[in-house]
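The values are calculated or read from the model by the stated rules, or taken from the named source; none is laboratory data. In this text, all values refer to a predicted model and were calculated from it rather than measured experimentally. When we count neighbours, we look across all protein chains shown, and the Cβ atoms used for this are built from the backbone with ideal geometry, even at glycine. All accessible areas refer to the heavy atoms of the entire protein, side chains included, with ligands and DNA or RNA removed. Shrake-Rupley method; radii C 1.70, N 1.55, O 1.52, S 1.80 Å.
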Amino acid sequence: SAADQIAFGEDTLRTYGVVVFDRWIEPLRLVGFARPDTVYDPDRAVKKDVHFGEALALDAHAAISEAVSTPATLRIVTRWRTLSSAGKPLKLFVHLADPSLRPVRQKDKELRVAADPARRAPGSVFLDVADLFLDAAVPAGEYRLLLGLYESPTGPRLALRPAAADYVELGRVTVDPF
């Protein structure tokens, strides 16, 4: 059927590519895929090896812009490794946080591992992309870019191992008005 052909095409693209956007513009769904090497350069990646509970490890992330002028979009490209196949669907959060760790802007999204059963096998490696839009209303200043996982839809955050925190800092970003 046509639906089976579409599902096969999307599954194939998800296997060999990275989703860079996924939007509904009624009645159409637009999904953009890119080759992994176009959004993530392993030679320039920031290594992390941070374990979120028993589920996943954040191996690395693409370098983050240290300074941006608003409006801007911060693209956060992460490389994950599956630690166990069991578990609930997970959501990723990215916070642009002020010095007191209060989120000024945030992005929450389903982590791609939840949508693809092949990525749930222990040892599987996959990339995920999250875009955090910073509008002109974001005050100028220095912020921390924080990332974490929580059980979908509104469950508890996954704790880092061995630390007791429930987020990892990806870097610091200075925001200047345009």
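Laid out as a table, the results:
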{"read-out": "Residue-span extension gain [ALA121 to ASP11] - 0.36 nm each, minus C-alpha spacing", "value": "38.0 nm"}
{"read-out": "For THR70, net neighbour charge (Lys/Arg +1, Asp/Glu -1) across residues whose Cβ lies under 13 Å away", "value": "-1"}
{"read-out": "Cα pair distances in region 1-53, grouped into 10 Å bins until the bin that holds the longest one, percent each", "value": "19, 35, 30, 14, 2"}
{"read-out": "Region 1-95 - percent relative contact order, Cα under 8 Å, separation 6 or more", "value": "18 percent"}
{"read-out": "Convex hull volume per residue for region 78-178, taking Cα atoms only, in Å³", "value": "113 Å³"}
{"read-out": "Normalised alpha carbon radius of gyration of region 135-178 [divisor 2.2 N^0.38 Å]", "value": "1.53"}
{"read-out": "Carbon + sulfur, % of accessible area of the chain - ligands and nucleic acids excluded, 1.4 Å", "value": "56 percent"}
{"read-out": "Given (1) -0.33, -1.28; (2) -0.28, -1.15; (3) -0.38, -1.30, the label whose value is log10 I(q)/I(0) by the Debye sum over Cα atoms at q = 0.09, 0.18 Å⁻¹ derived from this model", "value": "(1)"}
{"read-out": "Relative contact order of the chain, defined on C-alpha pairs under 8 angstrom at six or more residues apart (%)", "value": "23 percent"}
{"read-out": "Most positive-pole-ward Cα, ALA34, PRO71, PRO177, against dipole of the chain from beta carbon charges", "value": "ALA34"}
{"read-out": "Dipole magnitude (debye, nearest 20) for the chain, charges at Cβ of Lys, Arg, Asp, Glu", "value": "280 debye"}
{"read-out": "Stretch gain in nm, segment ALA2-ASP37, where the contour uses 0.36 nm per residue and the Cα spacing is subtracted", "value": "9.5 nm"}
{"read-out": "Solvent-accessible heavy-atom area per residue, rounded to whole Å², over the chain at 1.4 Å", "value": "55 Å²"}
{"read-out": "Label-point separation, THR174 to GLU142 (7 Å along Cα→Cβ), nm", "value": "0.9 nm"}
